[in-house]
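Here is the structure we will look at.
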Amino acid sequence: MVAPKRVAWITGASSGIGRALALRMQADGWTVVASARRADVLAGLRGAEGPAIVPLALDVTDAAAVTQAVQRVRSEVGPIDVAVLSAGTYVPMRAKEFSARVVQDTLSLNTLGVAHCLEALLPGMLERGSGRIVAVASLAGYRGMPTSAAYGASKAAVIHMLEALQPELAGTGVILQVANPGFVRTPLTDHNTFPMPFRMELEGAVAALYAGMQSARFEIVFPRSLALILKVARLLPIGLYLRLMRRIVPKD
Ligand SMILES: NC(=O)c1ccc[n+]([C@@H]2O[C@H](COP(=O)([O-])OP(=O)(O)OC[C@H]3O[C@@H](n4cnc5c(N)ncnc54)[C@H](OP(=O)(O)O)[C@@H]3O)[C@@H](O)[C@H]2O)c1
């Protein structure tokens with residue numbers, strides 16, 4: 001018997017976590033539609049034997065383009081069983097160089113990019129009564145951290161948005177999950193000059209993400225050690241928390 005086709009749509013699939021997950025899922029028999037802005041990089045994505053990886057160039061900050069892309073996937077590939085929203089950026093920002101433009105650009109990609117995808121995906125999935133959406137946020141969204149004024153705010157907003165939606169979707173057949181990674185070795189973190197405790201290699205991170213996607217858990221976190229520390233840190237009184245954060249402010 002031929003196994004039914006499973007369709008995954010992954011944004012941010014030209015690099016890092018999204019790319020590695022696209023290859024992992026394709027090797028596992030998924031038909032993967034890979035989106036990011038760089039069409040040439042997507043076209044070079046070659047997986048194992050099996051269903052092809054379908055490149056679909058897309059800028060997730062463009063709401064109309066996201067709607068069109070989702071419609072195209074549905075009509076040309078099939079209903080989307082799983083969408084993984086991994087497109088994102090991190091621009092470190094110090095207080096002395098605070099820029100509203102950086103905040104705007106980061107929110108536009110990391111937060112509104114996810115919102116555009118939710119808007120395009122939810123009606124079809126709700127109508128079908130099935131589908132899974134995994135938004136990649138970050139442990140940096142738990143509380144404010146030095147250099148993360150823009151990034152942390154954008155990820156906190158994603159976590160908040162999904163938490164707000166999940167109770168309403170429970171029982172509809174549409175599963176919503178938020179993935180909160182710690183540090184993972186990808187081009188996004190390669191330029192960081194500060195210490196990155198418990199930084200994971202891509203392979204382990206994607207294995208944890210993919211395993212979490214087989215579960216019914218709302219939140220997928222990895223690595224567990226850093227997640228545990230930051231979950232405790234979330235409970236600290238604000239005065240104590242801020243004193244601890246002072247210790248990791250970059251020295252220069
Ligand atoms: N690496 C970490 O330590 C870490 C930790 C926590 C959370 N995360 C989150 O995980 C996600 C993936 O990060 P990563 O480490 O894999 O980063 P990455 O290697 O830099 O990949 C980012 C991806 O986003 C795509 N992208 C950027 N702007 C886009 C746009 N406007 N429209 C569509 N795609 C766009 C990029 O492709 P193009 O340039 O081709 O568009 C690329 O494929 C991000 O949301 C990040 O915040 C990462």
Going by the structure shown, is Ala63 at pLDDT 95 or above, more than 9 Å from the ligand (Cβ to nearest atom) and surrounded by fewer than 19 Cβ atoms within 10 Å (Cβ to Cβ)? yes
Under the condition of being near the ligand (Cβ under 9 Å from one of its atoms) and hydrophobic (A, V, I, L, M, F, W, C), which residue from region 35-52 is surrounded by the fewest Cβ atoms within 10 Å (Cβ to Cβ)? Ala39
For region 170-194, which residues satisfy the criterion of being more than 8 Å from the ligand (Cβ to nearest atom) and hydroxyl-bearing (Ser, Thr, Tyr)? Thr172, Thr193
Looking at region 14-34 only, could you name the residues that are within 6 Å of the ligand (Cβ to nearest atom) and either touching an Asp or Glu at 6+ places or on another chain (Cβ under 7 Å) or not hydroxyl-bearing (Ser, Thr, Tyr) (or both)? Gly16, Ile17, Gly18
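Residue-by-condition table, conditions (1) under 16 Å from the mean Cα position of the chain (by Cα); (2) modelled with pLDDT under 95; (3) surrounded by 17 or more Cβ atoms within 10 Å (Cβ to Cβ); (4) under 23 Å from Leu176 (Cα atoms):
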site	(1), (2), (3), (4)
Pro79	no, no, no, yes
Ala83	yes, no, yes, yes
Ala87	yes, no, yes, yes
Ala95	no, no, no, no
Phe98	no, no, no, no
Gln104	no, no, no, no
Val114	yes, no, yes, yes
Cys117	yes, no, yes, yes
Ala120	no, no, yes, yes
In region 147-161, the residues that are in contact (Cβ under 8 Å) with a residue 40 or more places away in the chain, out of contact with any Lys or Arg (no Cβ under 8 Å at 6 or more places or on another chain) and not charged (D, E, K, R): Ser148, Ala149, Ala150, Tyr151, Ala153, Ser154, Ala157, Val158, Met161
Could you please let me know if Glu127 is touching a residue at least 12 places away in the same chain (Cβ under 8 Å) and surrounded by fewer than 17 Cβ atoms within 10 Å (Cβ to Cβ)? no
When you check Val232 against the structure, is it closer than 30 Å to Arg243 by Cβ and either part of a helix (DSSP H, G or I) or aliphatic (A, V, I, L, M) (or both), yes or no? yes
Would you confirm whether any residue within region 91-108 is more than 30 Å from Asp252 (Cα to Cα) and away from the ligand (no atom under 11 Å from the Cβ)? no
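The values are calculated or read from the model by the stated rules, or taken from the named source; none is laboratory data. Model, not experiment: these values are computed from the prediction. Note: ideal-geometry Cβ built from the backbone for every residue, glycine included; neighbour counts use all protein chains shown.
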